[in-house]
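None of the figures in this text is laboratory data; all of them are computed from the coordinates on show. Note that the structure is a prediction, hence the values are computed from the model and not measured. Cβ atoms come from the backbone with ideal geometry, glycine included; neighbour counts cover every protein chain shown.
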Amino acid sequence: MRSALPRFLLSTGLSAALALPVAQAQTASCTAVAAWSPATIYNAGDTFTYQNHLYRAATQIWNAAPTHCPSCGYYVDLGVCSSGGTANQPPTVSLSAPGNGASYNAGASIAVSANAADSDGSIASVEFFRGATSLGVDTSAPYGVTWNNATAGSHSFTAVAKDNQNASKTSAAVGITVSGASPDTTPPSVPGGLASPSQTSNSVSLSWNASTDNSGGSGVAGYDVYRSGSLIGSPTTTSYTASGLNAGTSYSFTVRARDNAGNASAHSGSISATTQAPASAGGGKRVIGYFAQWGIYDRNHFVRNLETSGAADKLTHINYAFGNVRNNRCQIGVTLRTNESTGEGGDADADYVTAFDASKSIDGVADVAGQPLRGNWNQLKKLKARHPNIKVLISLGGWTWSRGFSSAARPENRQAFVASCVDAYIKGNLPVTNHSWNAAVGSAGGPGVAAGVFDGIDIDWEYPVVCGIDCPAATRPEDNANYTALLAEFRRQLDAVRPGLLLTVAVGAGIDKIRVTDPAAYHPYLDYINVMTYDFHGAWESSTNHMSGLFNSPNDPSIGDIKLYNGNDAVEAYLSRGVPAGKLNLGIGFYGRGWTGVANVNNGLYQSGTAAPGTYTAGVDDYKVLKNKPGTVFTDSTALASWKYDGSTFWSYDTPEMIAQKMSYVKTQNLGGAFVWDLSGDDAQGSLINAVNTGLK
């Protein structure tokens, strides 16, 4: 896997930055200086205002407020704003209903709603008033209340929005008129012909015949649709689509009519409609996607995106990346910047503390303050409710957080280490912790709160015996036996909780990584093995090459073990060591690796170059970016690899067409399926995951 990035990334020059002093309190001009934003990446020297102070960033950082860790030296406090301060601007609020000047009959139920936003924080609540009388408070968008049994007269409505720092703003008033009681007391006719003309895996379409009102009545105003006795919508037409449903599930529906005088008919006869069963992803093969913990920040990739892109319908498993292995335990509940030199790091904020608003939630329901399970893990739990066929695993380690495995796997540490992982991820016992900078959301965690989120554990130790991020210091022959014994201990403890919990691994695809372990000994403990058949070549090398070639090419100038860096040689190495083909999954990268300054010879292949500029990291970019870059796509029909070259810059990555060919290889070899790193790299239409899913059928 690529390096695990934390919630906020600090430059490698942080040690010098930490030595910078924090300025003593003084006044500073804040005129025309923008307020701090958690979405902005600040480079050393950038200034902003926060809570009426002027700050300067001491290093590259984002999404960590100056109050997060004042002693860490991330920022220099330049003083209290003497002018132009923008700290804690009040929120904005405006009524969206009812319309100004609208008329109603006495006894009506009137919906009162508002739009509210806060430029430098979040909305804590919106309170609605009729004159000086409070109609109620709403703490999550969309903001609204209902005034029932409206009384005759002229009425004025306002909304008061309050932000997370207690600043408030009152909307402009909206006036309405409520007429005396209507002489119409007769309800409209009961809607007939309720039917469901179509269904999907998560929605049911409904239609019915129009109702009529009594002669001289006030006229039909609309309809109320009920699912299992609960109101779910009030359309004005004779159709409605109930969405957000579970696949393969039966639901009952009724509908009633309302007239303009507020009279409601009896309910129609009930009908039952069943959502479609989930499609068989991958034609029975595994389709596994890694969801990156940190994708919710600069990549703006949320669990919700798996639903909107259609990816959730294509997946059989999701691996959540990553959990840290630290001090011979699974480290849970901390939010710390990653230190690649020590293995320190964590992001409890992203995991289960951050409160997502309705726009980022898979079901449109916002997290609330004090909710014990929030963040990505709550969203994954909601996703599983909609797609009960999907299994979710926690992936431990990864490139950045594998440093702790060697010690944790030792005989004296092994049992307690595994127990800590099972306790947190399977039993769901999470440390109670607060958000690292937004105290308003309250604490999260507690006994059993994450139970049911994860269906197993994926071990991504990079790498046993040979070194990974700790090169060149670490070469540990004892890791071989300890790796096998660690997997045996995981299997024993998982089975003790509940047979059927999954245990998987991600393994290196280079022969130098394979020959030093014993796949024949460890595979019996595993449900399947993800072979990382990508990152064979990249801009750490001075010459262009295929990042994820499926076969060896006689034209490849690589020598030694690197000559065998390709997907097929990796698969054959595991097969020859006794691993059943059905346990192996082929890895697909949803990103590419690139070089620039590449001579226009052989369409750029096997030519000298340096790391090409990337959106986040030099030499790397996501497929959704690469597909729109200039250049011509070329294919190596021998290696089965594709690249794009524009005469100077060379990007090696898999296109949907290349993925289709690789999926044919998976089927020909009778492999178990494919997995992808990572889902955030795909485009909004899910082009790559569609290619994986379709290619495996």
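Net charge around Asn690, counting only other residues with Cβ within less than 15 Å of its Cβ (Lys, Arg = +1; Asp, Glu = -1)?
Surrounding charge for Asn690 is 0.
Output the DSSP H helices from the chain with an along-axis C-alpha extent of no less than 15 Å and a mean Kyte-Doolittle hydropathy no less than 1.6.
none
Provide the FRET efficiency to the nearest 0.05 for the Thr40-Val137 pair, computing r from the beta carbons and using R0 = 45 Å. Walk me through the intermediate numbers first.
Details: r = 31 Å, r/R0 = 0.70.
That pair, Thr40 with Val137, gives E of 0.90.
Using only helices, what value at 222 nm comes out for the chain when you add -39,500 (n - 2.57) per DSSP H run of length 4 or more and divide by the total residues, to the nearest 500 deg cm²/dmol?
The helix-only estimate for the chain comes to -4000 deg cm²/dmol at 222 nm.
By how many nm would the segment from Ala266 to Thr668 grow when fully extended, if each residue of separation counts as 0.36 nm and the alpha-carbon distance is taken off?
Going from the current span to full extension adds 138.7 nm.
If each residue of separation counts as 0.36 nm, what is the full-extension length gain between Thr638 and Thr342 once their alpha-carbon separation is subtracted?
Working: separation 296, 0.36 × 296 = 106.56 nm, distance 4.20 nm.
Gain in length upon complete extension: 102.4 nm.
Run the numbers for Ala385 and Asn115: contour at 0.36 nm per residue of separation, minus the present Cα-Cα distance, in nm.
Length gained between Ala385 and Asn115: 94.2 nm.
Under 14 Å from a point placed 7 Å out from the Cα of Ser103 along the Cα-to-Cβ direction: which residues of region 146-186 have their backbone N that close?
Under cut-off, by backbone N: 153-154, 176-183.
Roughly what % of DSSP beta bridges within the chain run antiparallel, to the nearest 5?
Of those bridges, close to 65 percent are antiparallel.
Hey, what did region 348-401 get for relative contact order, percent, Cα under 8 Å, at least 6 apart?
Rounded, it is 31 percent for region 348-401.
Count charges around Asn328 for me, please; just the other residues with Cβ under 11 Å from its Cβ, Lys/Arg as +1, Asp/Glu as -1.
Cβ neighbours under 11 Å give a net charge of +3.
Estimate the FRET efficiency between Ala439 and Leu231 by the formula 1/(1 + (r/R0)^6), using the beta-carbon distance for r and 51 Å for R0, to the nearest 0.05.
0.90
What FRET efficiency comes out for Ala65 versus Asn166 if R0 is 22 angstrom and r is the Cβ-Cβ distance? Round to the nearest 0.05.
Once the sixth-power term is evaluated, E becomes 0.85.
Which whole-number percent gives the relative contact order of the chain, counting Cα pairs below 8 Å spaced six or more residues apart?
About 9 percent, as a whole number.
With Cβ to Cβ distances under 15 Å as the rule, what net charge do the other residues near Thr655 carry (K, R +1; D, E -1)?
-1
Give me Val255, Val287 ranked fewest to most by other Cβ atoms within 10 Å of their Cβ, as a rough exposure proxy.
Val287, Val255
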